[in-house]
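Input: a single structure, listed below in C-alpha cells.
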Amino acid sequence: MQWIKEDLQQYIQAKEYVDTIIVPLIPYHLSQDSELEKNAFQSEVLSIFAKEIEKELSGRVMLTPNYHYLKSGSKEEELKRINSWAGDALSQPFKNVFFVTFDSTWKKNEQALDGTLIWLPGIQSGDLKSNEMRSFIHDQVEQIGEFIKSYW
Amino acid sequence: MSEKKQQVSRRQFLNYTLTGVGGFMAAGMLVPMLRMAVDPVLQESSAGDLVNVGLAVEDITTEPQRVDWKIDQVDAWYESKVGKSAWVYKNDNDEVVALSPICKHLGCVVSWEGSEDYPDQFYCPCHGGRYHKDGQNIPGTPPTAALDVYESKVENGMLYLGRAHPRGEA
Ligand code: FES
C-alpha cells in the first residue's frame, strides 16, 4: 500500500494485516555539479524500486513518502528525524521498519536506525526505459522481496 | 525452533547477496546494445485492447509460468507505462488459461508453488492465501474469491492478453 487516499481506505479496514513499512532515504542537493546527475538518477531509480517492491507485497507493506535530506546536512539530526518516522509507525503498531537507500553513509549509521537498512550499492547511471534496466530492477526487487519476507 | 534457526541464516545469506549486488548493477549497464535485439518481441500490437505479451503459444505448458508486459495507461494527469503480469498455462483441455497474480485478499502478488509446503497451488507470501491451479481460492485461507482471469486470444501463434475479470463475469 502507498500513502495515498485509495490505499489508506483499505489500510484502515485491514490494519492487522499490514505490519511492515518501507521508507526510502534519498539525498538531495543542488550544490555539487559533479554529483547532481548521479544523485538525481539514483533518486529516480530508488523511487521505482520502492514502488515495485510495494507492488509485489502491497497487502502487507506500507510504502511511506520518500524521506529526502540535504546531502551535506548533519546525519545526526537526520537520524533523529528518521527515527521519529519509524516511531510513528511502530506505535501503530507496525512491526517491521525497512529503510532502502543508495546512500552508503547510512551503512555507517546502521546501528542507530530504528529499523533494518537495505543499502543498495553501486548504480551510477543508465537508461530507465531500457529493457536491461527493467529486468535488472525486476531481479533486484525479487531479492529484496525475499529479504523482507524472511522477517515475516 | 529449527525453523527459527533456519530463518536467521537465510536472512544473513540474503543480506550478503544483497550487498554483493553492486557487480550486477555495473554489468547491467554495459549491455544497452541488447535492447535493440530484444525490442521487437515486446512491441505492442494494434489488436484492440488485447496486447501481445511476447509469449509464443507453443512455449506454454501445463506448468504455470509468469509473464510480464507493459501497457500504456492514461489517467487524468499522466500517461504512463504500467507493468502487468499473469500466470499462464494450458489446462487439461489444452486451453490457455491466464490468471491475474493479484491476491484477492489485499493485493500481494501470488506465486505458483510459492511455498514448498503446498505444491500445485498458488501461494500468497503476505498472509498465506492459497489457490488451486484453476485459480479457485482455498477456504480457510484469507482470500474470499478466485483469482481474476485475463481475456485472451491467440494470433499468429502469439498470446494476447487484455483485461482481467473476476471469475464468473469473464
Ligand atoms: S494479501 Fe494475499 S493472503 Fe493477504
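The values are calculated or read from the model by the stated rules, or taken from the named source; none is laboratory data. Keep in mind the model is a prediction, meaning the values are calculated, not measured. Here the Cβ is made from the backbone with ideal geometry for all residues, glycine too, and neighbour counts use every protein chain on show.
Observations on the structure shown:
- Qualifying residue in the range B:122-130 (condition: within 16 Å of the ligand (Cβ to nearest atom) and of a type in the set (Gly, Ala, Ser)): yes
- Filtered by the rule that a residue be modelled with pLDDT of 95 or more and outside any strand (DSSP E or B), the range A:60-71 gives A:60, A:64, A:65, A:66.
- Just so you know, in the range A:53-80 the residues that are away from chain B (no Cβ under 14 Å) and of a type in the set (A, V, I, L, M) include one that is surrounded by the most Cβ atoms within 10 Å (Cβ to Cβ), and it is A:79.
- Test result for residue A:100, under 16 Å from the mean Cα position of the chain (by Cα), within 14 Å of another protein chain (Cβ to nearest Cβ), more than 16 Å from the ligand (Cβ to nearest atom) and in a strand (DSSP E or B): yes
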